[in-house]
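Colleague: One structure, as structure tokens, below. Some questions next.
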Amino acid sequence: MATLLELVGIDAEARARRMEFLGITEEDRSLLGAQAEFVESIADGMVDVFYRRILAFPETRCFLEDPALVTRLKAAQRAHFIQLCTGPYDEAYFESRLRVGLAHARIRLEPHLYLGGYLVQIDYVRQCFLERFRGEPDQAERCTRAFGKIIMLDIALATDAYIYGGFVERATADVRAYEAALANEALENKVREEEKREELLRMVVHDIRSPVTAMMATARAALRRYRDVAESPGKQFALVEATGQNVLHIIDNMVSHARAPGGELPLVAEPFDVSEVVSACVSQLMPFAQQTGHTMVVSMLAPTPSTQLDKVLVRRVISNLLVNACRHTPAGSRIEVGCVRDGDWCRVVVADDGPGLPATIRDALKDPGSLRPRTDVGAYVDSGLGLPFCRMACDRMGGLLELQPSPRRGTRFVVHLPA
């Protein structure tokens, strides 16, 4: 069976190199060996001092609750102290020191506590040598230095034992287990918070949708009687229905933004013509544009069939851009909408001749949190969810929302979608 020295990889040559590196000479060993009788006389005192220190701290006292164990350990400590001071520092000494260090590592005694115990021995022996060689300070210094070298050898072997015994790996595993516990707790807290937020969101959406839906139903019932939306009261009822639809769009945006951080927007691909969706959005929002004093025109509309886009998301993107154009430009502004096929891409353009988009709103395409309410050239610009949602929806469909330079004053959004 392999010895612990062999398992750790310390052979005769390695032992000699360690002694050489620490400067432990034959003179040092002879000097300490000559003190054997003196060391035996002070061994009991050292053991008493050592255990007074160990038992004074709860971190170490907890390992020594059995009096019989303490008695055995004191005897072992006394024998070790004598060999530490006088040798021989042979293979058996190296093996025994590794085994003692390994035993401490296995009971999970912290390294700083184990190594700190050496300080008791160092201080005690130094005081004893100074007392013994009171009239020979040089001799006291030589003995103390030689003892210090041996102590360092013992500390090095204890360190090897802790490493070989897996103390570092166990300590690392404990830290990782602690971190995992914290992570699990944080995840559970997050799940609970998400559940609370989801429940609150459902209540808010329900409380808003119900009256808006009732309002729109009333407007639609009135429109069956007053079909002319160019004159009152049909014009007002058409505006009520369009405004209600806009409120529902805002609710949809709020729900999408609330849920997106935990996952992606749902995507349902189906075949449809994007130009028809654009035309439907313009028709639906035309009363709203008329009420806000805007002119909404279709400048170009070519068939743009697609099979891999989500019709609902496309409608919401276009509706958001049109509503933003009405809200963020002064009354009297002109809003142009177009839809064309460009190779493998469908391109939808929403442009206006308003004052242009402020830098704070431009940032919404990258950082929605950067927006702050402001007024600019008579148009109220807010930090709504429209643009961030449009960007998120375009990204989800493999497309791009681009703010292009306008050939005339105003804002020009281009939606690129794969056809």
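Colleague: Residues in the stretch 9-61 that are more than 18 Å from GLN127 (Cα to Cα), crowded, with 16+ Cβ neighbours inside 10 Å and either out of contact with any helix residue (DSSP H, G or I) (no Cβ under 7 Å at 6 or more places or on another chain) or of a type in the set (A, V, I, L, M) (or both): how many?
Modeller: Summing the residues that are more than 18 Å from GLN127 (Cα to Cα), crowded, with 16+ Cβ neighbours inside 10 Å and either out of contact with any helix residue (DSSP H, G or I) (no Cβ under 7 Å at 6 or more places or on another chain) or of a type in the set (A, V, I, L, M) (or both) in the stretch 9-61 gives 6.
Colleague: Out of the residues in the stretch 231-282 that are of a type in the set (D, E, K, R) and modelled with pLDDT under 75, state the one that is surrounded by the most Cβ atoms within 10 Å (Cβ to Cβ).
Modeller: The qualifying residue surrounded by the most Cβ atoms within 10 Å (Cβ to Cβ) is ASP252.
Colleague: Restricting to helices (runs of 4 or more DSSP H) lying wholly in the stretch 47-110: which have 2 or more residues that are hydroxyl-bearing (Ser, Thr, Tyr) and within 22 Å of ALA36 (Cα to Cα)?
Modeller: 91-106
Colleague: Still on this structure: Can you name the number of the only condition in (1) at pLDDT below 80; (2) of a type in the set (A, V, I, L, M, F, W, C); (3) under 12 Å from ILE150 (Cα atoms); (4) in contact with a Leu (Cβ under 6 Å, 6 or more places away or on another chain) that LEU4 fails?
Modeller: Going through (1) at pLDDT below 80; (2) of a type in the set (A, V, I, L, M, F, W, C); (3) under 12 Å from ILE150 (Cα atoms); (4) in contact with a Leu (Cβ under 6 Å, 6 or more places away or on another chain) one by one, LEU4 breaks only (3).
Colleague: To continue, here is another question. Using the structure shown, decide if ARG15 is in a helix (DSSP H, G or I), under 16 Å from ASP154 (Cβ atoms), in contact (Cβ under 8 Å) with a residue 40 or more places away in the chain and in contact with a Gly (Cβ under 6 Å, 6 or more places away or on another chain).
Modeller: So ARG15 does not fit the description; no.
Colleague: Please verify whether ALA105 is assigned by TED's automatic domain parsing to the domain that holds ARG18, buried (at least 16 other Cβ atoms within 10 Å of the Cβ) and modelled with pLDDT of 80 or more, treating the condition exactly as stated.
Modeller: no
Colleague: Separate question: What pairs can you find where one residue is in the stretch 334-359 and closer than 15 Å to VAL323 by Cα and at pLDDT 95 or above, the other is crowded, with 23+ Cβ neighbours inside 10 Å and of a type in the set (D, E, K, R), and their Cβ atoms are less than 6 Å apart, with a gap of 6+ or different chains?
Modeller: Note: no pairs meet the criteria.
The values are calculated or read from the model by the stated rules, or taken from the named source; none is laboratory data. This is a predicted model, so every value here is computed, not measured. Note that each Cβ is placed from the backbone with ideal geometry, even for glycine, and that neighbours are counted across all protein chains shown.
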